[in-house]
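What follows is a single structure, written as C-alpha cells, with notes after it.
The values are calculated or read from the model by the stated rules, or taken from the named source; none is laboratory data. Keep in mind it's a predicted model, so treat the numbers as computed, not measured. Cβ placement follows ideal geometry from the backbone for every residue including glycine, while neighbour counts extend to all protein chains displayed.
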Amino acid sequence: MRLIVLTLLSLITLTSYSQDLIILRNGEQIDCKITKVDSVIIHYDFYKGERKLSSYVAKDNIHSYKINTSDNIPDNSSDVLQIPDNTVIIDTTKYVKETNKWINLITYSQRYGLHADGWSVQYYGYNLRNTSKWSIPILFTIEGFTIHTDYFSQFDYQSVNMSYFMAGISPFYKLNDNFFLNLSANIIFGEETLTDFYATESSNTFFGFSPSQGIYFIPKSKVGITLGLSVYEKLLSSEVYKNDIGIKFEIGIKF
C-alpha cells in the first residue's frame, strides 16, 4: 500500500511540473515548469526519470511558449496574447533575424499533353527569405510545341503557325528546406496563321489562360540539381488548339 501511495505522489509531482510548454523553432516541444522569463532567456525545471533538473533556452531558438497564468511567472516581453483557457501564449518569432538569399535556376522541361507535346527553357530568379514561406520569382521562358496529328485533323486546316507571349505569376511556397510547391497562372495573348487545304492563309488573334500546379526539389546547397513535376492546363480561343491538359517534367541547375 505504501508503494502505491508513493507512486501516486510521484505522478502528481510530475504532472504539476508538466503544465508549461516550450515549442522550439524546429518543432520540438518541451514539457516543463517555467521558472523565469527575461528578455533573452527562459529558465525552466523538468524531470528526467525521478530526478528534477533545471535548464534554460535562448528565445532566438524558440517559436512560442505557454505559461499557466496561475503561476504568476514574470515576463518582460511585449508580445503577450491572453486566450480564454487562462494560458498566456508569447510568440517569439520576432527574435528571428531575417536573412535574404537570391536564388537562380535555369531549367529545361519536357511537356506531354493530351493534345500537344512540347519543350521549354526557363530562368527563375527570386529572393528567398527565412521569415516567409512565399517567394515570387522573375521568370523568363522560351517554349515550343507540336499539336498531335489526330487532334489537329478534326479541323479544316492543313497547317498552323502560332506565336504568342504569356504574362502571369509563378510563386513558390516553401514546404521544407528542399521541397517547394509551385502555383502558376498565366494569361496568353497571340496570333496564329492558318493555311487551309486550298493553300489559303488566314490570321486569327487568340487569347488563353494557363494555370499549373507542381512540386519542386530545390537543394539547400548553394549549387545543385533541381527537379520538378507539374500538371498544367490550357484554355485558348485558337481555331485549332482550344484546350489541353498534361504533365511537365523539369530538370535544371541552381546557382
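Details
- Residues located in the stretch 197-232, provided they are of a type outside the set (A, V, I, L, M, F, W, C), touching a strand residue (DSSP E or B) at 6+ places or on another chain (Cβ under 7 Å) and over 17 Å from F172 (Cβ atoms): E201, S202, S203, N204, T205, G208, S210
- Residue match in the stretch 191-199 (condition: out of contact with any helix residue (DSSP H, G or I) (no Cβ under 7 Å at 6 or more places or on another chain), surrounded by 13 or more Cβ atoms within 10 Å (Cβ to Cβ) and of a type in the set (F, W, Y)): no
- Selection of first residues in the stretch 216-233 that are at pLDDT below 95 and of second residues that are outside any strand (DSSP E or B), restricted to Cβ pairs under 9 Å at least 6 apart or on distinct chains, gives the following pairs, ordered by first then second residue: K220/D177; K220/N178; K222/F255.
- Residue selection: S184 fails the criterion of being at pLDDT below 95 and among the hydroxyl-bearing types (S, T, Y).
- When N182, N178 are screened for being of a type in the set (S, T, N, Q), on the phi < 0 side of the Ramachandran plot and touching a Lys or Arg at 6+ places or on another chain (Cβ under 7 Å), only N178 passes.
- Taking residues in the stretch 58-78 that are exposed (fewer than 11 other Cβ atoms within 10 Å of the Cβ), and partners anywhere that are modelled with pLDDT of 55 or more and part of a strand (DSSP E or B), the pairs with Cβ atoms closer than 8 Å and at least 6 places apart or on different chains are P74/K36; P74/V37; N76/V37.
- Here L14 passes the criteria (1) in contact with a strand residue (DSSP E or B) (Cβ under 6 Å, 6 or more places away or on another chain); (2) closer than 30 Å to D177 by Cβ; (3) at pLDDT below 65; (4) not in a loop (DSSP other than H, G, I, E, B) except the one numbered (2).
- Residue match in the stretch 142-165 (condition: touching a strand residue (DSSP E or B) at 6+ places or on another chain (Cβ under 6 Å) and closer than 16 Å to Q213 by Cβ): no
- Taken together, F155, F179 contain a single residue that is in contact (Cβ under 8 Å) with a residue 60 or more places away in the chain and out of contact with any helix residue (DSSP H, G or I) (no Cβ under 8 Å at 6 or more places or on another chain), which is F155.
Let's see how each residue does on (1) outside any strand (DSSP E or B); (2) over 22 Å from G252 (Cβ atoms); (3) not assigned by TED's automatic domain parsing to the domain that holds G214:
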| residue | (1), (2), (3) |
| --- | --- |
| Q110 | no, no, no |
| T141 | no, no, no |
| T146 | no, yes, no |
| D150 | yes, yes, no |
| M162 | no, yes, no |
| M166 | no, no, no |
| N176 | yes, no, no |
| A185 | no, no, no |
